[in-house]
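Undergrad: Here it is, the structure in full.
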Amino acid sequence: MLFTMKGMVKMQKRLEIGQIINTFGIKGEVKVVPFTNDIKRFDELEKIYVKTKKESKLYEIESIKYHKNMVLIKLKSINTPEQAELLKNAYIEIDRNQAIPLEEGEYFIADLIGLEVYTDEGKLLGKVDDIYNTGANDIYVVKDELGKQILLPGIKEVIKNVDLDGEKITVHLIPGLI
């Protein structure tokens, strides 16, 4: 249903599409966990941003391969395992205009983080703090002002309406959910 800042007015100009989790081979390739439903979307990229804790740097892609649901990327100017190791745990970002168009009812996670979550009865539950995928469906992590978390499945029986302009998500709490 979803993909892995607040509202339309404050949209992030870059989107995370993966995370470097390790090096691969002896030529400086990096192993990436993709945050997208379509892993082959990496084939279309010529450049990516690699965002470490210190900086975000633009790299040209030399080659893309796939291995066990992972993306293996060879970046120009990264030629040794030691250079690749410095990028471990960094995030892969693209400019928003490089993103694949979404289907009706699909949203970028970055656009949902920070939205207020209300029940269909009007009760404020908190704000979307994170969204992660379990394989079967997405899980919305909603945190209230006291820091208490509620986990909501990203299914149509629960997520009733997403209003990016109004910065609000309306949910229906099915019995036993919280």
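What follows draws every value from the coordinates through simple rules; no lab data is involved. Values in this document were obtained by computation on a predicted structure and should not be read as measured data. Here the Cβ is made from the backbone with ideal geometry for all residues, glycine too, and neighbour counts use every protein chain on show.
Undergrad: To the nearest 20 debye, what is the magnitude of the charge dipole of the stretch 109-171 about its Cα centre, counting +1 on the Cβ of each Lys and Arg and -1 on the Cβ of each Asp and Glu?
TA: 180
Undergrad: Also: Distance between Cα centroids, the stretch 71-112 to the stretch 46-62: provide it in whole Å.
TA: 8
Undergrad: Can you compute the helix-only [θ] at 222 nm over the chain? Use -39500 (n - 2.57) per DSSP H run of at least 4 residues, normalise by all residues, nearest 500 deg cm²/dmol.
TA: Rounded to the nearest 500, the figure is -1000 deg cm²/dmol.
Undergrad: Counting Lys and Arg as +1 and Asp and Glu as -1, what is the net charge of the other residues whose Cβ lies under 13 Å from the Cβ of Ser56?
TA: For residues surrounding Ser56, the net value is +3.
Undergrad: Given labels modelled 7 Å from the Cα in the Cβ direction, how far is it in nm from Asp130 to Glu145?
TA: Going from the Asp130 label point to the Glu145 one covers 2.4 nm.
Undergrad: Moving on to the next point. How much of the DSSP bridge set in the chain is antiparallel, in percent, rounded to the nearest 5?
TA: Percent antiparallel among DSSP bridges in the chain is about 90.
Undergrad: Taking just the alpha carbons, could you work out the radius of gyration and Dmax for the chain, both in angstroms?
TA: 18.1, 57
Undergrad: Sticking with this structure for a sec: Using the reciprocal of the averaged 1/r over all distinct C-alpha pairs, how large is the Kirkwood radius of the stretch 109-171 in Å?
TA: With all distinct Cα pairs of the stretch 109-171 included, I get 11.5 Å.
Undergrad: Label points 7 Å out from Cα along the Cβ direction at Lys88 and Lys123: separation in nm?
TA: Taking the two extended label points, one gets 4.6 nm.
Undergrad: May I pose another question? Using the Kirkwood radius built from alpha carbon pairs, what does the Stokes-Einstein equation give as D for the stretch 14-98 at 25 °C and 0.890 mPa s, in µm² per second?
TA: 197
Undergrad: With a Förster radius of 35 Å, plug the Cβ-Cβ distance of Leu102 and Asn79 into 1/(1 + (r/R0)^6) and report the FRET value to the nearest 0.05.
TA: Using R0 = 35 Å, I get an efficiency of 0.45.
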